[in-house]
Amino acid sequence: MADTLFEFPCDFPLKVMGRRSDDFRSLVLGIVQKHVGDVDPSRIEERPSENGNYLSVTLTFSAQSKDQLDALYRELTSCERVLIVL
């Protein structure tokens, strides 16, 4: 039995949430690009919270392996400015 539900490579949507700031998007993008390379700008969505205090950034990219995703999740969740990774 496989240790993942995904067949790689696959399109993978990743949502990252944190406090809204001028550089939150670029912070998230920088971490993601270290693990997956360039992300097509048309596949990046930003959505502020209702009161504008938080920002979610959703990036869809071609995931190559479970190890790649694990490393990406570890780095994102260890970043103190990132509150939630889905």
field: Between helix 24-36 and the chain: long-axis angle, C-alpha atoms, 0 to 90°, nearest 10
entry: 10 degrees
field: Cα-based helix-to-principal-axis angle, 66-78 vs the chain, degrees rounded to 10
entry: 20 degrees
task: For the stretch 1-77, evaluate the Debye formula with one uniform point scatterer on each Cα (no solvent term) and list log10 I(q)/I(0) at q = 0.15, 0.18, 0.25 Å⁻¹, rounded to two decimals.
output: -0.53, -0.73, -1.21
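FYI, it's all coordinate maths here, none of it is from the lab. This one's a predicted model, so the numbers in the text were calculated from it and none came from an experiment.
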